1. Restricting to the stretch C:39-59, give me the number of residues that are within 14 Å of chain B (Cβ to nearest Cβ) and either small (Gly, Ala, Ser) or in a helix (DSSP H, G or I) (or both).
2. What helices (runs of 4 or more DSSP H) lie completely within the stretch B:3-121 and have 1 or more residues being under 28 Å from residue C:67 (Cα atoms), among the small types (Gly, Ala, Ser) and open to solvent by 10 Å² or more (accessible area, probe 1.4 Å)?
3. Mind checking which residues of the stretch C:6-27 are closer than 27 Å to residue C:72 by Cβ and either in a loop (DSSP other than H, G, I, E, B) or open to solvent by less than 80 Å² (accessible area, probe 1.4 Å) (or both)?
4. So, residue C:89, is that one open to solvent by less than 40 Å² (accessible area, probe 1.4 Å) and at the interface with chain B (Cβ under 7 Å from one of its Cβ atoms) or not?
5. Could you run through the stretch B:31-44 and say how many residues are within 8 Å of another protein chain (Cβ to nearest Cβ) and farther than 18 Å from residue C:82 by Cα?
6. Looking only at the stretch A:20-38, count how many residues are away from chain B (no Cβ under 11 Å) and part of a loop (DSSP other than H, G, I, E, B).
7. Hey, among the residues in the stretch A:1-14 that are hydrophobic (A, V, I, L, M, F, W, C) and in contact with a strand residue (DSSP E or B) (Cβ under 6 Å, 6 or more places away or on another chain), which one's surrounded by the most Cβ atoms within 10 Å (Cβ to Cβ)?
8. Please identify the pairs in which a residue from the stretch A:1-19 that is more than 18 Å from residue A:53 (Cα to Cα) and at the interface with another protein chain (Cβ under 10 Å from one of its Cβ atoms) has its Cβ atom under 8 Å from the Cβ atom of a residue that is open to solvent by 10 Å² or more (accessible area, probe 1.4 Å) and not charged (D, E, K, R), counting only partners at least 6 apart or on another chain.
Amino acid sequence: MALHTLNRAPADQSCVTRCLNALADNDALLLIEDGVYAALPGHQALFAALPDSVSLYVLQPDLQARGISEKVRDVFTPIDDAGFVQLACDQDKVVSWF
Amino acid sequence: MSAKKKVLIINRRAPYGRSNARDSLDVALTCGVFELPVSLLFADDGVYQLLGEHDAQGIGQKNLSATMAALPMYDIDQLYVCEQSLKTQGLETSDLANAPTAVDQDAIQQLIKEHDVVLTF
Amino acid sequence: MTLEVNGNQIEVDEEGYLCALDDWSEEVAEQIALAEGVTLTPDHWAVLEVLRDFYNTFEHAPAMRPFVKAVGQKLGADKGKSIYLMKLFPDSPAKLAAKIAGLPKPTNCL
């Protein structure tokens with residue numbers, strides 16, 4: 001199982017698509033930095049093809065900084081920095097998409 | 001000592017404009033020196049790294065293709081290229097140096113699974 | 001720093017590697033080797049030639065592992081061994097041989 005982090009906004013299509021295509025069953029995806037915008041309802045379609053077993057997270061301080069804490073879809077679990085570290089430890093590798 | 005970790009290096013950036021490609025190659029060669037098994041995957045604009053016969057003297061840089069030609073000397077021979085990226089860029093594997101193996105999305109997921117460490121550049 | 005060879009001043013860096021690769025000649029090699037306590041024999045020259053070929057092809061001075069492999073390919077498996085190169089260029093063959101061959105210091109050499 002891998003934790004994938006994505007730090008690019010949705011308009012950076014090649015990076016976002018590359019990341020989403022790389023997600024395998026039981027992997028975790030964490031949106032960080034500008035990547036958190038993908039958690040907004042308008043980008044729901046991006047995630048349509050993902051297996052249900054992929055768990056979705058979003059980094060709370062990055063949501064808060066951008067004023068979108070209350071606007072993101074609830075399929076994304078908000079986590080703080082300590083949660084990020086825990087998540088990284090729980091997976092056997094981290095793949096960073098940037 | 002535990003078994004050697006298998007390293008997958010994913011290259012997504014075109015050469016020369018940024019240092020990603022050079023940095024990635026330095027990491028690959030260093031892993032090679034330490035006898036770690038290294039695989040390289042080229043995707044998106046990273047496929048341009050595989051066009052051979054560079055001549056970067058005019059822009060004051062070293063030829064990436066010359067260093068890449070040395071990969072077999074470091075026993076790095078597992079090279080993969082995303083077939084979808086090739087298609088997008090209008091390239092064929094026959095256009096590429098180092099004879100990479102073309103892989104689809106499922107095979108890329110499998111590569112990530114099979115390696116212990118994944119680095120992206 | 002400079003090195004004087006046949007009355008010519010040749011620039012080297014603080015570790016003794018040539019600053020300009022074009023300054024290299026067999027006399028320069030002999031002088032660098034002498035300063036390092038190595039007397040060049042035909043066996044040394046054969047290895048130096050392999051190293052210079054490697055540099056011309058791949059545009060960098062090799063670390064030990066590819067150095068050994070290149071020597072093995074060009075001079076035969078019996079010579080493509082660390083021990084053989086250690087005897088010719090003691091301590092750190094990749095670095096010492098690169099210096100004598102007039103190449104930059106190997107960058108991936110640890």
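1. Here the count works out to 8.
2. Correct list: B:64-69.
3. Scanning the stretch C:6-27 gives C:17, C:18, C:21, C:24.
4. On the way: open to solvent by less than 40 Å² (accessible area, probe 1.4 Å): yes; at the interface with chain B (Cβ under 7 Å from one of its Cβ atoms): no.
Against the criterion (open to solvent by less than 40 Å² (accessible area, probe 1.4 Å) and at the interface with chain B (Cβ under 7 Å from one of its Cβ atoms)), residue C:89 does not qualify.
5. Number satisfying all stated conditions: 2.
6. Final tally of qualifying residues: 1.
7. My answer is A:6.
8. A:15/A:98
The values are calculated or read from the model by the stated rules, or taken from the named source; none is laboratory data. None of these values were measured; they are calculated from a predicted model. Please note: Cβ atoms are built from the backbone with ideal geometry, for glycine as well, and neighbour counts cover all protein chains shown. Remember, those area values only see protein heavy atoms, side chains included, never the ligands or the DNA or RNA. Shrake-Rupley method; radii C 1.70, N 1.55, O 1.52, S 1.80 Å.
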